[in-house]
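Report on the following structure.
Here, each number is a calculation from the coordinates, and none is a lab measurement. Since this is a predicted model, take the numbers as computed values, not measurements. Every residue, glycine as well, gets a Cβ built from its backbone with ideal geometry; the counts of neighbours run over all protein chains shown.
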Amino acid sequence: MSARGWLFVLLLLLLGGGGVFAWFRFEASAPAVAGPEAIVFGANGGTLEFDLSDSGTGLRSVEAVLSHAGGDAPLVSETYPGGLMSGALRGEEPETLEVTLPPDALPRGVSEAFLRLTVRDWSWRDGLRGNETRADIPLRIDRVPPQVSIATGLTYVKRGGSGAVRYQISEETVRDGVEVGDVFFPSYPLGDGRAVVYAVPIDAPQSPKVRVLAEDQAGNVTRARWPVVVNERRLPEANVTLPASFLDVTVPELAAAMGIDASDPAAAFQVINTEVRASNEEQIGELLAESAPEKHWEGAFDQLDNSEVTSRFAEKRTYFVSGQPNSKATHFGYDLASTRAAPVTAAASGRVIYAGALGIYGNCVLLDHGLGVATLYGHLSRIDVSAGDAVEQGQPLGRSGATGLAGGDHLHFAVLVGRTYVDPLEWWDAKWVRENLEAQLTP
């Protein structure tokens with residue numbers, strides 16, 4: 001072939017390649033926008049996130065404008081790196097766009113607007129301006145907080161004790177319940193209103209604020225009070241001397257099961273009594289994160305049959321080894337002793353949410369009784385139920401024992417409201433349950 005022929009072939013190849021390139025550059029796929037389809041903000045404004053992507057030439061630019069009756073207000077204008085020849089330097093990598101709406105974004109008297117997003121890519125279409133996606137998202141400003149109407153009257157609750165409150169809210173909420181200091185107890189539906197079983201933690205500040213909190217979809221928050229008197233109490237204290245038999249036998253066995261060096265039993269006990277205990281409490285909190293929305297129990301809870309109380313609720317213990325303080329811990333329950341391997345039954349009806357080994361509590365069963373209320377049964381020698389089982393009050397759960405961090409055969413029994421331990425003595429009292437809980441929890 002002559003030189004002129006080769007030149008002609010080369011020219012055809014260049015034109016063909018250029019045509020293919022131009023065809024790709026004129027791609028018609030518009031950018032994609034993923035995010036809320038409608039927006040409600042409160043008086044304090046807020047921040048939104050949108051996911052932007054383009055499967056063709058890549059993202060080029062985005063603009064966010066707040067459009068309302070009074071005009072348009074630019075919020076975001078951003079350009080992504082790239083060029084008409086190369087497309088987006090980041091290829092098809094998606095981008096996250098944050099749009100912040102300041103509190104004064106809409107003038108007073110204006111409550112409705114549109115958030116307009118305009119996204120372009122690096123396509124050569126539309127006079128090299130690229131493919132465009134425009135999204136007009138309705139936006140509403142709600143400056144009115146929810147109204148709370150509390151039906152419960154004067155309430156007395158003690159430190160380490162429980163209570164219940166019933167109320168109604170004027171609108172749907174994203175969160176509502178009771179705050180006790182900085183601890184939150186969520187609500188549950190009750191008739192045409194809401195109800196909360198709450199507690200005053202033993203470590204709550206002096207005279208803690210007890211309030212109903214309601215937050216609507218726009219982020220407006222209402223805190224409402226009703227007359228609550230928190231009765232203080234003196235918490236018991238105890239010094240516990242660890243016997244040599246406990247250090248030489250129980251601690252090494254427990255440490256071996258937990259992978260803890262037991263060459264120094266006193267040091268091993270300190271780790272178990274502090275670090276392992278804290279880890280176990282965190283696990284219990286996670287297990288109790290979800291509770292049934294209905295009340296499963298009726299009346300007072302049962303105490304272990306024919307049992308003697310050997311340790312009481314909220315006992316602040318200091319443990320000694322050879323006359324020297326080793327570690328401290330708070331005993332969040334009652335120790336109940338009966339006969340060896342005594343039958344342990346459900347204190348109230350509920351559902352088994354855990355049945356197995358649980359660190360310092362040994363073989364342990366956790367029951368959910370609904371409305372955030374749970375009971376714990378520790379140190380069992382045998383477990384006769386499985387997670388997920390529905391149990392009736394008085395139904396056997398297992399046998400008492402000395403598994404875990406226990407010096408002898410007994411049942412460690414605890415009641416929790418949310419993640420907060422409360423005094424079981426109240427829950428064993430039929431009159432107290434009737435007047436303080438069921439009076440508020442009956443629709």
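Here are a few things to note about the model shown:
- Spin-label pair D384-S53: with each label point 7 Å from Cα along the Cα-Cβ axis, the two points sit 5.5 nm from one another.
- Positive-end extreme of charge dipole, segment 317-443 - chosen from P396, A439, G359 (charges on Cβ): G359
- Extension gain from D182 to Q147, taking 0.36 nm per residue of separation minus the Cα-Cα distance: 10.4 nm
- Modelled FRET efficiency - R0 35 Å, L154 with D305, Cβ distances, 0.05 increments: 0.45
- Rounded, prolate or oblate (a/c below 1.5 giving rounded, otherwise prolate when a/b exceeds b/c) for segment 148-231 by Cα gyration tensor: prolate
- With the helix formula -39500 (n - 2.57) applied to DSSP H stretches of n ≥ 4, the chain reaches a computed 222 nm mean residue ellipticity of -4000 deg cm²/dmol.
- Using a Gaussian network model of the chain in which every pair of alpha carbons under 10 angstrom is joined by a spring, one finds that among Q270, Q168, Q217 the greatest mean-square fluctuation is at Q270.
- Under 16 Å from the D248 label point (7 Å along Cα→beta-carbon), backbone N, segment 262-288: 263-266
- Positive minus negative residues near S207 (Lys, Arg vs Asp, Glu; Cβ under 15 Å): +2
- Ranked list, fewest to most other Cβ atoms within 10 Å of each Cβ, for V157, V65: V65, V157
- Shown here: mean projected area of the Cα convex hull in nm², derived from the displayed model; of the candidates (1) 34.7; (2) 21.6; (3) 26.5, it corresponds to (1).
- Gain in span if fully extended, V229 to R108, counting 0.36 nm per residue against the direct Cα distance: 39.5 nm
- Pairs of Cα atoms nearer than 8 Å and 6+ residues apart set the relative contact order; for the chain it is 12 percent.
- Within the listed set V352, V119, V373, the Gaussian network model of the chain (springs between alpha-carbon atoms below 10 Å) gives the highest mean-square fluctuation for V119.
- Max mean-square fluctuation residue, GNM over the chain, Cα-Cα springs under 10 Å, options S400, S263, S386: S263
- Span-like helix criteria (full DSSP H runs; alpha carbon extent of at least 27 Å along the helix axis; mean Kyte-Doolittle hydropathy of at least 1.0) are satisfied in the chain by 3-25.
- Note on S170 and A38: the model spin-label points, each 7 Å out from Cα along the C-beta direction, lie 2.0 nm apart.
- Rounded FRET efficiency, nearest 0.05, which uses the C-beta distance separating R134 from R90 and R0 of 25 Å: 0.65
- Taking a ≥ b ≥ c as the square roots of the eigenvalues of the alpha-carbon gyration tensor, segment 35-85 is classed prolate because a/c is 1.5 or more and a/b outweighs b/c.
- FRET efficiency for E435 and Q217, using Cβ-Cβ distance with R0 set to 35 Å, rounded to 0.05: 0.45
- The lysine pair count for the chain, using Cα distances under 24 Å and pairs eight or more places apart or on different chains, is 7.
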